[in-house]
There are 4 protein chains.
Amino acid sequence: MISSTTEIRVRYAETDMMGIAYHRNYLTWFEVARVKMLDEINCPYRALELQGFRLPVLEVSVRYLQPLTFDDRATVKATISKKPMLRIEVDYEIRSEDKLIATGFTRHAFINPEGRPTRPPSDFLAAVEPFF
Amino acid sequence: MISSTTEIRVRYAETDMMGIAYHRNYLTWFEVARVKMLDEINCPYRALELQGFRLPVLEVSVRYLQPLTFDDRATVKATISKKPMLRIEVDYEIRSEDKLIATGFTRHAFINPEGRPTRPPSDFLAAVEPFF
Amino acid sequence: MISSTTEIRVRYAETDMMGIAYHRNYLTWFEVARVKMLDEINCPYRALELQGFRLPVLEVSVRYLQPLTFDDRATVKATISKKPMLRIEVDYEIRSEDKLIATGFTRHAFINPEGRPTRPPSDFLAAVEPFF
Amino acid sequence: MISSTTEIRVRYAETDMMGIAYHRNYLTWFEVARVKMLDEINCPYRALELQGFRLPVLEVSVRYLQPLTFDDRATVKATISKKPMLRIEVDYEIRSEDKLIATGFTRHAFINPEGRPTRPPSDFLAAVEPFF
């Protein structure tokens, strides 16, 4: 299992006229947490892209349990529970103070420099190997 | 069943450095289609908010099948298949030319002017009644 | 002079907790108007990018005179008053009903496929020539 | 003079298909720096809004000197040089490594709980007083 926690703070730009964080922004926070997780296993996403790989999102799901508002701090926990093969699944939990704010997941597959779905690049496989 | 179709055109601001529309923006297009659907049944969302109601997103799910890029036109079809009760579920299909680009759904519940979950306001119930 | 008018409708995603359109989004509407203007002179931006050119923003300025809120319709008028040379300047006016909502401008320079500032591509120069 | 520096890191969501940070996002980074500056003088923006005040943007200007790309770190320095009266002007400098990335300013005026332009609330005036 790989797990990583990131702190976010709700920007004014991320609120909507309901006075809460607009639901779309949770996907960006998931991305921030995912990028940090890759940093922490020494396989930064930026380096993978420089090698020509891409890791697009194939599927996303979010359940919104409690709202966040401007300036709220929250932690976004990203977890990979299953050893990544062709598909990579990341689960997320957003918490603020004691409350569970949202849960969700994203599914991904690597795209090679030729633009075709591919198994994960060797750097990525080597980086995740110790965790499973 | 209530169904409504909206056209969107991918803005440059909606692309990312993969050269495709960033996955978060699909949620905005869902919103645009949802708002248009409410217009079409003569129950504009703006009017519901002026009465003090809110319709936050409780859950969202998207499957990304084909990418879109800058300037692509696509249609977003929003459908309510089940008569809205406490929960309202909207399904979406995004198509461009002949291709199915993405599918997804959102789940909602109305919030009353006091900030509590509530059954749908009477204007909304009257507007949807003829379709079920 | 080249001039083009586009209609926008404020998305819920574009509002903030002040209940108005967040100021950042005006830049996106400027972009939408700029893209439409290029379409109208038969020199779509997409085609310029396919030739390897880019037209980044070098400078932007906006004055916000009246707010817009969710679902408001507005027209965005883009105008090129000076014949584009190395620098291209576009002026904007956003109006809604009878009110002037905002004014602004963007400045641009073309980047060639090698990533260096360049004079405008010949397709663009030919397209704008008749207007000056 | 009041001055404050914030660190940002470019999110993938903030890039566009040119491979650089989309120009609109600089306004969000300005906002993040502005909010941090208010925190540092013990006059958090959130508290001002809870008192019913708003601080909308009246004018914005940005000059883009060098691009940023995904994962770049940058510092955003916000400065108030002139004692805030009816109008509040904030200047910004974004730097990354040794490079000046962008400069800009925003102008603001407070809106009171009745929705009318007003002189700054007393908490804000007391907080800025020692700096001028």
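Throughout, read-outs are computed from the coordinates displayed, never taken from laboratory work. Here the structure is a predicted model, which means the values were calculated and not measured. As a convention, Cβ positions derive from the backbone with ideal geometry for all residues, glycine included, and neighbour counts pool all protein chains shown.
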So which residue, out of B:Met17, B:Met37, B:Met85, gets the largest mean-square fluctuation from a GNM of chain B using Cα contacts under 10 Å as springs?
-> B:Met17
Of all the C-alpha pairs in segment A:2-131, what % are more than 24 Å from each other?
-> 31 percent
Quick one: order B:Leu68, A:Leu125, B:Leu48 by neighbouring beta-carbon count within 10 Å, fewest to most.
-> A:Leu125, B:Leu48, B:Leu68
Based on other C-beta atoms within 10 Å, arrange D:Glu7, B:Glu89, A:Glu49 from fewest to most.
-> D:Glu7, B:Glu89, A:Glu49
Using only the alpha carbon atoms of the protein assembly as shown, find the Kirkwood hydrodynamic radius as the inverse mean reciprocal pair distance, in angstroms to one decimal.
-> 24.4 Å
Residues B:His23, C:His108 arranged by fewest to most Cβ contacts within 10 Å = C:His108, B:His23
Partner chain coverage, peptide C:35-42 - average Cβ within 10 angstrom | 1
Options C:Val32, C:Asn112, C:Ile80, ranked by Cα towards positive dipole end of chain C, top entry (Cβ charges) | C:Asn112
Tell me, what HN-Hα J-couplings in whole Hz come from the Karplus equation 6.51 cos²θ - 1.76 cosθ + 1.60 at θ = phi - 60° for each residue of segment D:11-28, using x for Gly and Pro?
-> 7, 4, 4, 8, 8, 10, 6, 6, x, 10, 5, 5, 4, 4, 5, 4, 5, 5
In peptide C:20-32, what is the residue-averaged number of other protein chain Cβ atoms found within 10 Å of each Cβ?
-> 6
Nearest-first distances (nm) between copies at A:Pro56, label 7 Å from Cα via Cβ = 2.5, 3.3, 3.9
To the nearest Å, what is the center-to-center distance of segment A:25-81 and segment B:1-62, using C-alpha atoms only?
-> 23 Å
Taking N as the number of residues in segment B:1-45, the ratio of its alpha carbon radius of gyration to 2.2 N^0.38 Å works out to 1.37
Under 5 Å between amide H atoms, partner at least 5 residues away or on a different chain: which partners does B:Leu68 have, H built in plane at 1.01 Å?
-> B:Ala21
Enumerate the amide H contacts of C:Glu59 below 5 Å, restricted to partners 5 or more residues apart or on another chain; note that Pro and chain-start residues carry no placed amide H.
-> C:Arg107, D:Tyr64
For A:Lys99, counting only aspartates and glutamates whose alpha-carbon sits under 19 Å away and dropping same-chain residues fewer than eight positions off, the answer is A:Glu7, A:Asp71, A:Asp72, A:Asp91, B:Glu59
Segment C:1-123, relative contact order in percent, only Cα pairs under 8 angstrom and at least six apart counted = 30 percent
